[in-house]
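Single-structure report; data block below.
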């Protein structure tokens with residue numbers, strides 16, 4: 001991709017800083033969506049968490065896995081050799097290559113914002129990261145999609161379902177974040 | 001062939017998310033706290049480009065559309081739960097994979113929590129199905145179908161509006 005890269009290193013953020021400005025990053029994501037829609041289908045991530053669950057569980061406890069109609073339907077054929085799974089597999093690969101290529105592979109357990117509010121205890125952050133992940137995928141599966149499938153792909157197709165999900169998502173996320181970080185009642 | 005295509009497109013998506021800083025916990029949380037809307041500008045740009053591009057493809061007959069079913073109140077409950085997870089973790093299911101690949105251990109745990117959450121949902125599904133999906137089912141409806149117009153007629157101006165809004169919203173990073 002030939003987007004003009006501007007180094008926009010924001011020193012306030014200890015997290016990995018962006019290399020692409022917002023419009024270049026948004027354009028890149030939009031172009032990937034357009035390519036995917038032209039060549040195969042809109043993009044989606046969250047269903048593949050179920051597929052991986054199903055295939056792993058089917059490997060160890062085949063009867064338990066087959067006993068769930070939802071797993072059997074989502075992880076059809078108990079295989080990871082699908083376009084959909086490989087798309088999701090590509091995400092960390094591309095991210096790793098991008099981080100390496102720009103020397104931005106960096107590790108930290110407790111992010112800056114979290115540290116300022118909840119302290120530097122890594123155990124605390126990890127427990128809540130787990131809880132957050134649980135809620136993310138539980139919610140995504142109730143809704144049949146996540147930020148990729150609903151917000152990026154779905155809204156681009158003018159799907160009413162995706163608009164409803166995205167509005168509920170942002171309302172809930174903003175209220176939760178402002179409450180967690182103590183923003184209510186002060187400017 | 002399809003597997004390679006999937007891997008390539010996925011890698012391009014992962015690289016775009018990584019390079020644009022969408023996997024940064026700080027950037028996400030500051031956006032949700034309404035302190036720095038850079039991530040919102042990014043998302044609005046992606047949606048604006050997507051709206052215009054996807055519907056231009058559709059006009060040419062090249063788009064492989066896949067619209068998800070509308071079911072109320074299930075989708076609202078889903079969005080509310082997802083939103084709490086988004087604020088608590090600071091990641092979404094895709095950006096957690098990106099942050100995990102960048103070497104962020106809290107994102108590894110988010111991915112693990114996600115796998116467990118998806119598994120619990122899978123086994124609760126028969127019960128949840130009757131609770132959430134038994135009424136308010138409308139199928140894969142789109143806004144332009146409801147209005148009875150061609151998709152591009154709405155998508156092009158709306159896409160333009162998203163891009164305009166992305167440019168107008170305040171952000172940290174200048175540009």
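Throughout, read-outs are computed from the coordinates displayed, never taken from laboratory work. From a predicted model like this one, the values you see are computed outputs, not experimental measurements. When we count neighbours, we look across all protein chains shown, and the Cβ atoms used for this are built from the backbone with ideal geometry, even at glycine.
Let me know the volume per residue of the alpha-carbon convex hull for the protein assembly as shown, in Å³.
Hull volume normalised by residue count: 137 Å³.
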For chain A, alpha-carbon Rg and Dmax in angstrom: 19.0, 55
Principal axes of chain B: Cα extent on each, largest first, Å: 50, 47, 41
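Sort A:59, B:25 so the one with the fewest other Cβ atoms within 10 Å of its own Cβ comes first.
A:59, B:25
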Least to most buried among B:123, A:130, B:161, A:165 (fewest other Cβ within 10 Å first): B:161, B:123, A:130, A:165
Projected label distance in nm at residue B:130 and residue B:153, using a 7 Å step from Cα toward the beta-carbon: 4.4 nm
Pairwise label distance in nanometres, residue B:64 with residue A:81, each label 7 Å out on the Cα-Cβ vector: 1.9 nm
Cα long-axis angle, helix A:47-60 against chain A (0 to 90 degrees, to the nearest 10): 60 degrees
With 10 Å bins from 0: P(r) over the range A:76-187, alpha-carbon pairs, percent: 11, 26, 38, 22, 3, 0
Paired Rg and Dmax values of the range B:1-59, which use every Cα atom, in angstrom: 14.4, 44
Test item: A:66-79 mean partner chain Cβ contacts at 10 Å: 2
Label zone at residue A:115 (point 7 Å along Cα-to-Cβ), backbone N below 20 Å, the range B:102-124: B:102-110
Burial ordering of B:145, A:84, fewest other beta-carbon atoms within 10 Å first: B:145, A:84
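Could you work out Rg/(2.2 N^0.38 Å) for the range B:68-141, with Rg from alpha carbons only?
Details: Rg = 14.6 Å, N = 74, 2.2 N^0.38 = 11.3 Å.
The value comes to 1.30.
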Highest-MSF residue in chain A out of A:25, A:54, A:154 [GNM, Cα springs under 10 Å]: A:25
